[in-house]
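The values are calculated or read from the model by the stated rules, or taken from the named source; none is laboratory data. Since the structure is predicted, the reported quantities are computational estimates derived from the model, not experimental observations. Here the Cβ positions follow ideal geometry from the backbone for every residue, glycine too, while neighbour counts run over all protein chains shown.
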Amino acid sequence: MTQIDVAYIAQRIIELCQIPSPTGYTDEAIAYMEREFARLGVETRRTRKGALIATLPGLDTGNHRVLAAHVDTLGAMVKEIKGNGRLKLTKLGGYSMNTIEGEYVQVHTMEGKVYTGTVLVSRASTHVHGAEHEKQERNEANMEVRLDEKVKCKADAEELGIQVGDFVSLDPRAVLTETGFVKSRHLDDKACAGILLGLAKDIVENKVQLAATTHFFLSNYEEVGHGAAGAFPAETAEVIALDMAAVGEGQTSDEYSVTVCVKDSSGPYDYELSRRLQYLAADQGIPYKVDIYPYYGSDASAALRAGGQFKAALVGPGIDASHSYERCHVDSLEATAWLMLEYLKR
């Protein structure tokens, strides 16, 4: 078995999850990846849209490969400052508002100040509102941010420098348990960003010969559907999107294997490439699953819709409670990294 430094991957994931990076506010997370690739000796460049491309040389210089992950996450923006000084939100990315009720947040102002707060329903106290508390729909209209400041009216919040359009990030609560579980928001897709760093570390330190020039693409707008649109190098022949495998009822994916997703909401992925990955996993003894996600899209499908002319597949570690408070196991991280390393060598 290939030796994957899964402890390194898990630590990078924890650190990445702790960096606020809701879609549109990702510069710090991209800079983190940039610094870590540089420390490993891997050259990078930024696209005009702010994504990051790390390049590793390989034998075939005419038919490049891309492994794509994303560092942008779910989050929100300030939609309105209410008369009582609390903040109404508009979502960034697709999630249910009930999954963030009671969550701690940070509000990032245009001037660079950061304020903390909590997401609550507008009638939050059962002792005040009784049954009305339970009857409220958990949606953008009925939920708000209570700032941890002495704010009593709209003017008080504005005096802090808070305004419509400020980004709001969710507390990830990132934890690595003694049993090997990584629990955090935003494992979609910082788990796979960490895997890319682990791959780069193994390739550089062990002088692994890659079959083709390979680019690790770190997208910054995946959660809103256009992260990798029109962004891959012209020589790209194959793309594998590394993104979470959704674990749940009716799915084959689990938290201890790598999953090859053969179809999502955009349709089927490339048959030959997907089968090649399955055969490779079976041949190498890598624990794997095959699954379909009807409510899911990836950077690979975004790139194909933008006119990409390459084979594309979707692979990832099993993530429980996707787009909520997520969890995965180091076994799944290791299996995903192992499969990608074997693929890149052939």
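Of all residues being within 13 Å of the chain's Cα centre (by Cα) and within 17 Å of residue 57 (Cβ to Cβ) in the range 183-231, which is surrounded by the fewest Cβ atoms within 10 Å (Cβ to Cβ)? Just the residue, please. Before you say what the answer is, go through the steps one by one.
Narrowing the range 183-231 to residues within 13 Å of the chain's Cα centre (by Cα): 184-196, 217-225, 227.
Keeping just the survivors that are within 17 Å of residue 57 (Cβ to Cβ) gives 196, 217.
Numbers: 196: 25, 217: 27.
Of everything passing the filter in the range 183-231, 196 is surrounded by the fewest Cβ atoms within 10 Å (Cβ to Cβ).
Residue 312: in a strand (DSSP E or B) and buried (at least 19 other Cβ atoms within 10 Å of the Cβ), yes or no? So residue 312 fits the description; yes. Cβ separations smaller than 8 Å between residues 6+ apart or across chains give the following pairs from the range 103-121 residues that are at negative phi and touching a residue at least 60 places away in the same chain (Cβ under 8 Å) to residues that are part of a loop (DSSP other than H, G, I, E, B) and hydrophobic (A, V, I, L, M, F, W, C): 107/162. Applying the set (1) of a type in the set (Ser, Thr, Tyr); (2) farther than 20 Å from residue 301 by Cα; (3) in a strand (DSSP E or B) to residue 252 leaves exactly one unmet item: (3).
Note on the range 65-97: among residues that are of a type in the set (Lys, Arg) and more than 17 Å from residue 221 (Cα to Cα), the one that is farthest from the chain's Cα centre (by Cα) is 82.
Quick one: which of 254, 243, 283 is modelled with pLDDT of 95 or more, of a type in the set (Asp, Glu) and in contact with an Asp or Glu (Cβ under 8 Å, 6 or more places away or on another chain)?
Numbers: 254 fails: in contact with an Asp or Glu (Cβ under 8 Å, 6 or more places away or on another chain); 283 fails: in contact with an Asp or Glu (Cβ under 8 Å, 6 or more places away or on another chain).
Among 254, 243, 283, only 243 is modelled with pLDDT of 95 or more, of a type in the set (Asp, Glu) and in contact with an Asp or Glu (Cβ under 8 Å, 6 or more places away or on another chain).
Scan the range 290-309 for residues that are surrounded by fewer than 23 Cβ atoms within 10 Å (Cβ to Cβ) and aliphatic (A, V, I, L, M) and jot them down. Passing the criteria: 290, 292, 304, 306. On inspection, residue 166 passes the criterion of being assigned by TED's automatic domain parsing to the domain that holds residue 107, closer than 21 Å to residue 31 by Cα and not polar (S, T, N, Q). The condition of being outside any helix (DSSP H, G or I), surrounded by fewer than 22 Cβ atoms within 10 Å (Cβ to Cβ) and among the small types (Gly, Ala, Ser) holds for only one of 234, 241, 282, 246, that being 234. Among residues of the range 121-174 being assigned to a helix (DSSP H, G or I) and among the small types (Gly, Ala, Ser), the one that is farthest from the chain's Cα centre (by Cα) is 131.
Residues that are of a type in the set (Ser, Thr, Tyr), assigned by TED's automatic domain parsing to the domain that holds residue 86 and loosely packed, with under 12 Cβ neighbours inside 10 Å: does the range 116-130 have at least one? Explain how you work it out, then say what you get.
If we filter the range 116-130 for residues that are of a type in the set (Ser, Thr, Tyr), which is where we start, we get 116, 118, 122, 125-126.
After this cut, where a residue has to be assigned by TED's automatic domain parsing to the domain that holds residue 86 as well, the list is 116, 118, 122, 125-126.
If we keep only those that are loosely packed, with under 12 Cβ neighbours inside 10 Å as well, we get 125-126.
Scanning the range 116-130 turns up at least one residue that is of a type in the set (Ser, Thr, Tyr), assigned by TED's automatic domain parsing to the domain that holds residue 86 and loosely packed, with under 12 Cβ neighbours inside 10 Å.
Screening residue 48 against (1) within 24 Å of the chain's Cα centre (by Cα); (2) over 24 Å from residue 191 (Cα atoms); (3) outside the structural domain of residue 213 (by TED's automatic domain parsing) leaves a single unmet condition, (3).
Name the residue, out of 269, 256, that is hydroxyl-bearing (Ser, Thr, Tyr) and surrounded by 22 or more Cβ atoms within 10 Å (Cβ to Cβ).
Numbers: 256 fails: surrounded by 22 or more Cβ atoms within 10 Å (Cβ to Cβ).
The unique qualifying residue is 269.
Taking the condition buried (at least 18 other Cβ atoms within 10 Å of the Cβ), at pLDDT 95 or above and assigned by TED's automatic domain parsing to the domain that holds residue 224, does residue 157 pass?
Numbers: buried (at least 18 other Cβ atoms within 10 Å of the Cβ): yes; at pLDDT 95 or above: yes; assigned by TED's automatic domain parsing to the domain that holds residue 224: no.
Spelling it out, it is not the case that residue 157 is buried (at least 18 other Cβ atoms within 10 Å of the Cβ), at pLDDT 95 or above and assigned by TED's automatic domain parsing to the domain that holds residue 224.
Every condition in (1) assigned by TED's automatic domain parsing to the domain that holds residue 308; (2) buried (at least 23 other Cβ atoms within 10 Å of the Cβ); (3) part of a strand (DSSP E or B) is met by residue 33 except one, and the failing one is (3). On the given criteria, is residue 76 of a type outside the set (S, T, N, Q), crowded, with 17+ Cβ neighbours inside 10 Å and closer than 26 Å to residue 296 by Cα? Here the answer is yes, as residue 76 does meet what is asked. The set of residues from the range 63-103 being over 13 Å from residue 121 (Cα atoms), touching a Lys or Arg at 6+ places or on another chain (Cβ under 6 Å) and assigned to a strand (DSSP E or B) comprises 76, 79, 80, 81, 90. Checking each residue in the range 16-30 for being within 13 Å of the chain's Cα centre (by Cα) and part of a helix (DSSP H, G or I) picks out 16, 17, 29, 30. The number of residues in the range 1-30 being crowded, with 18+ Cβ neighbours inside 10 Å, of a type in the set (Phe, Trp, Tyr) and within 20 Å of residue 176 (Cα to Cα) comes to 0.
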